[in-house]
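Student: Pasting a structure here, questions to come.
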Amino acid sequence: MAVCCDLEADINGEETFLLDKKIICSFSGRLSKLFGKSTGANRNKVIFNDFPGGAENFELISRFCYNKGEIDINPSNISLLYSAAEFMEMSKSVSGNCNLLEKTKKCIEELGYWTWPDLLVALKHCQEMQQVATSSGILEKCLDSIVGRLAITGEASPCASTSSPDSSGLRLSCDTRSTESLKNSFSRANWWFEDLSVLSPNLVEMLVKSMVSRKYNQVIISRFLLYYQKSKFFTASSDEKRQVLEIVIDGLYTLDPSCISCKSLFGILRVVLNLNISKGSRNKLECMIGSQMDQATLDNLLIPSPSGTSYLYDVNLVLRFLKAFLREGGWRLSPTRMKKVASLMDLYIAEVAPDPFLRFSKFLALVVALPDSARDCWDELYHAIDVYLEVHAGLSEEEKLKICCALNYEKLSSDACVHLSQNAKFPSKSSVQALVSQQLKIKNLLQGTKNSKSDMDSPCKLNETRGKAKKGEGSEQIVLYSGRLDVSGDNENLRAHLQGMQWRVIELEKLCKKMQAQMAKLMKSKTPTTHSTARSLPRLCS
C-alpha cells in the first residue's frame with residue numbers, strides 16, 4: 001500500500017514528523033475531527049505545543065498507527081502511551097477494539113499483578129514525566145500498588161508475632177537471644193528502603209501519605225524517611241538538601257510522635273542549622289522536639305547561637321522547645337515528665353549562666369519558663385542564679401529583684417537559705433524572704449508535731465510574718481526575732497541580723513527533730529509525761 005506524507009506534525013517545537021494523514025486520523029479522534037474526511041493532496045500541518053512525552057512519545061504512537069494497532073506496552077512506556085492516547089483521543093469510538101486507550105487501561109488494571117521490579121520501572125518513568133503521570137492517574141495507582149505490596153510482603157511491625165515457630169526472622173525481632181536474628185529482622189522490615197530511596201522528594205511525599213492512609217507501620221515509615229535523608233545527602237546540592245529535609249520533616253510531622261526518637265530529631269536539627277529551610281518546616285521540627293523534651297539531654301540543648309550573635313548558646317531555640325513542650329504535650333504532661341524537663345533545664349541554666357553576653361531578659365525567661373510545680377527543690381536553680389549575678393555584677397537592683405522573685409523560697413533547703421542569707425550578691429529583701437520562708441516551714445513542722453497527739457495541750461503556736469513575731473493563743477511561743485527589720489537600712493547591719501536569725505533557725509530545727517523523736521516515743525507509751533515534755537520547749541529570743 002502506498003504511503004503518502006500529506007501531514008506535517010510539529011511536536012512541542014522539538015521535532016517535525018511527516019505522516020500519512022489517512023492512517024493517523026483512522027486512530028486519532030482529535031485529528032479526524034480537525035481534518036474531517038478531507039483526503040486532498042494538499043499537505044496539512046498541525047502544531048502541538050503540549051504533547052505529553054514530547055517527540056519521543058509521539059513517535060511511539062505513530063508506530064502504533066502504522067503497525068495497525070500493535071505495540072509493545074511495558075512498564076517503561078505505559079504512562080506515556082496512556083497519556084498520549086488520551087490526548088489524541090485514540091478510543092474505541094474511532095478505531096474499534098484496536099485502540100491504544102483501551103489497551104493501556106487494561107494494562108494499568110493489571111498493575112497489582114506486576115512484579116516488584118516492573119513496578120519500580122514504571123514508577124521511575126512516572127517520576128521522569130510526573131506531570132503527565134499525575135494527570136493520568138497512573139502515578140497514584142502505581143504508588144498505591146507499591147504500598148499494597150509492602151503491606152502484604154513486608155513486616156507490618158518490628159515486633160510482629162507469627163504463627164510459625166520457625167519464622168525466626170520475624171518472631172525474634174523482639175528477642176534478645178541472637179544478635180544475628182535481630183539484624184535479619186531489621187533488614188526484613190526495611191528491605192525496600194534502598195529501592196525507593198531513588199525517588200524524588202515529591203514522590204516520597206506522595207508515598208508517605210499513601211502509607212499513612214493505608215495504616216502502614218509508622219515506625220518503619222519514620223525509619224525510611226531518615227534513611228532517605230541520609231542517602232540523598234551524599235550527592236545533593238544545597239537546594240536539593242533543603243528540599244529533601246523539608247519533605248522528611250513534613251512527613252515525620254504527620255506520624256505519631258512516639259514513632260520518632262528524640263535523638264533522630266536532634267540529628268535532623270543539626271543539619272537544618274546549616275540550611276535555610278522554610279519557616280513552616282522549621283516550626284514543625286521544633287514542635288516535634290519540644291513534645292519530647294523529657295527525652296532530651298544537656299548535650300542536645302547546647303546548640304551554638306546563630307552567626308552574628310554574641311551569646312554562646314541558642315537560648316531562644318530552647319525557649320521555643322519549652323513552649324512547644326507545654327503546648328504540644330497536652331494531657332501527656334504527667335508530673336514525672338515535667339520534673340524530668342525541670343531537671344534538664346536546671347542543668348542548662350547552670351551551663352548558660354556564666355555567659356557574660358546572656359541578656360537579663362533571656363535568663364529570666366529561662367528561669368520562669370516552667371510552672372512552680374515542676375520542681376520539688378530549687379537549690380540547683382538558686383546556685384545558677386548565684387553564678388549569673390556574680391558574672392553580671394552590673395545588673396540593677398530592680399533586675400536582681402525580678403530574678404530573685406522567681407525563686408520559690410519555700411522549696412529551698414536550709415543550707416541554701418544559709419548561703420543566701422550571707423550572699424552579698426542577692427538583694428537584702430531576698431535574704432529576708434528566705435528566712436521568713438524557713439521560719440514558716442518550722443512553724444508548719446511544729447504544728448504537725450502538735451497535731452500528732454490528739455489529747456495534748458497546744459505546746460506552742462507560731463505566727464510569724466516578715467520577721468515580726470506575734471504572741472499566739474494559750475501557750476508558749478517560739479520567737480525567731482522579735483524586732484522589726486528595716487530592709488532599707490545599712491545592708492551590712494541587716495545581714496548581721498539575718499545571720500543571727502539563721503543560726504536561731506538552725507537551732508530550732510535541731511530542737512524540732514529532737515521533739516519529734518520524743519513525741520514518737522510518747523505516742524507509743526501514752527504516758528502522762530506528754531504535757532510536761534511539750535512545755536519544756538525552750539524560748540529562743542533575739
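Student: For segment 3-17, which positions are farther than 9 Å from residue 47 by Cα and part of a loop (DSSP other than H, G, I, E, B)?
Tutor: 3, 4, 5, 6, 14 - these are the residues of segment 3-17 that are farther than 9 Å from residue 47 by Cα and part of a loop (DSSP other than H, G, I, E, B).
Student: Of everything in segment 289-321 that's open to solvent by less than 20 Å² (accessible area, probe 1.4 Å) and in a helix (DSSP H, G or I), which residue is farthest from residue 349 (Cα to Cα)?
Tutor: Among residues in segment 289-321 that are open to solvent by less than 20 Å² (accessible area, probe 1.4 Å) and in a helix (DSSP H, G or I), the one farthest from residue 349 (Cα to Cα) is 289.
Student: Quickly run through segment 417-426 and pick out the residues that are surrounded by 21 or more Cβ atoms within 10 Å (Cβ to Cβ) and either under 22 Å from residue 369 (Cα atoms) or β-branched (Val, Ile, Thr) (or both).
Tutor: If the condition is that a residue be surrounded by 21 or more Cβ atoms within 10 Å (Cβ to Cβ) and either under 22 Å from residue 369 (Cα atoms) or β-branched (Val, Ile, Thr) (or both), then 426 is the only one that fits.
Residue by residue, here is whether (1) modelled with pLDDT of 85 or more; (2) surrounded by 14 or more Cβ atoms within 10 Å (Cβ to Cβ) holds:
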{"position": "1", "(1), (2)": "no, no"}
{"position": "6", "(1), (2)": "no, yes"}
{"position": "15", "(1), (2)": "yes, no"}
{"position": "22", "(1), (2)": "yes, yes"}
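Student: Quick check on residue 46: is it aliphatic (A, V, I, L, M), crowded, with 17+ Cβ neighbours inside 10 Å and at pLDDT 85 or above?
Tutor: Yes: the conditions hold for residue 46.
The rows are residues; the columns are (1) of a type in the set (Asp, Glu); (2) closer than 16 Å to residue 225 by Cβ; (3) at pLDDT below 95; (4) touching a Phe, Trp or Tyr at 6+ places or on another chain (Cβ under 6 Å).
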{"site": "246", "(1), (2), (3), (4)": "yes, yes, no, no"}
{"site": "249", "(1), (2), (3), (4)": "no, yes, no, no"}
{"site": "259", "(1), (2), (3), (4)": "no, yes, yes, no"}
{"site": "273", "(1), (2), (3), (4)": "no, no, yes, no"}
{"site": "279", "(1), (2), (3), (4)": "no, no, yes, no"}
{"site": "294", "(1), (2), (3), (4)": "yes, no, yes, no"}
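Student: While we're here: Could you list all residues from segment 375-394 that are closer than 21 Å to residue 300 by Cα and surrounded by fewer than 19 Cβ atoms within 10 Å (Cβ to Cβ)?
Tutor: 380 - this is the single residue of segment 375-394 that is closer than 21 Å to residue 300 by Cα and surrounded by fewer than 19 Cβ atoms within 10 Å (Cβ to Cβ).
Student: Also, quick follow-up: Go through segment 243-269 and give me each residue that's within 15 Å of residue 318 (Cβ to Cβ) and either free of Cβ contacts under 8 Å to residues at least 24 places away in the same chain or of a type in the set (Phe, Trp, Tyr) (or both).
Tutor: Residue satisfying the conditions is 266 alone.
Student: Right, next: What do you reckon, is residue 337 surrounded by 15 or more Cβ atoms within 10 Å (Cβ to Cβ) and modelled with pLDDT under 95?
Tutor: It is true that residue 337 is surrounded by 15 or more Cβ atoms within 10 Å (Cβ to Cβ) and modelled with pLDDT under 95.
Student: How many residues are in a loop (DSSP other than H, G, I, E, B) and more than 21 Å from residue 34 (Cβ to Cβ) if we restrict to segment 81-97?
Tutor: Number of matching residues: 1.
Student: Scanning for something open to solvent by less than 80 Å² (accessible area, probe 1.4 Å), in a loop (DSSP other than H, G, I, E, B) and closer than 30 Å to residue 122 by Cβ, does segment 55-66 turn up at least one residue?
Tutor: No, there is no match, as no residue in segment 55-66 is open to solvent by less than 80 Å² (accessible area, probe 1.4 Å), in a loop (DSSP other than H, G, I, E, B) and closer than 30 Å to residue 122 by Cβ.
Student: Restricting segment 266-283 to residues that are hydrophobic (A, V, I, L, M, F, W, C) and open to solvent by less than 50 Å² (accessible area, probe 1.4 Å), which is nearest to residue 216 (Cα to Cα)?
Tutor: In this case the residue turns out to be 268.
Student: Name the residue, out of 78, 61, that is more than 17 Å from residue 32 (Cα to Cα) and either touching a helix residue (DSSP H, G or I) at 6+ places or on another chain (Cβ under 9 Å) or among the basic types (Lys, Arg) (or both).
Tutor: Checking each option against the conditions leaves just 78.
Student: Condition first: at pLDDT 50 or above and open to solvent by less than 50 Å² (accessible area, probe 1.4 Å). Can you find one or more residues in segment 172-182 that meet it?
Tutor: Checking segment 172-182: not a single residue is at pLDDT 50 or above and open to solvent by less than 50 Å² (accessible area, probe 1.4 Å).
Student: From the list 241, 263, pick out the single residue that is open to solvent by 50 Å² or more (accessible area, probe 1.4 Å) and closer than 23 Å to residue 308 by Cβ.
Tutor: 241 is the lone residue from the list that is open to solvent by 50 Å² or more (accessible area, probe 1.4 Å) and closer than 23 Å to residue 308 by Cβ.
The values are calculated or read from the model by the stated rules, or taken from the named source; none is laboratory data. Everything quoted here is computed from the prediction, not taken from an experiment. Because the Cβ atoms are built from the backbone with ideal geometry, glycine has one as well, and the counts that use them run over all protein chains shown. For accessibility, only protein heavy atoms count, side chains too; no ligands or nucleic acids. Shrake-Rupley method; radii C 1.70, N 1.55, O 1.52, S 1.80 Å.
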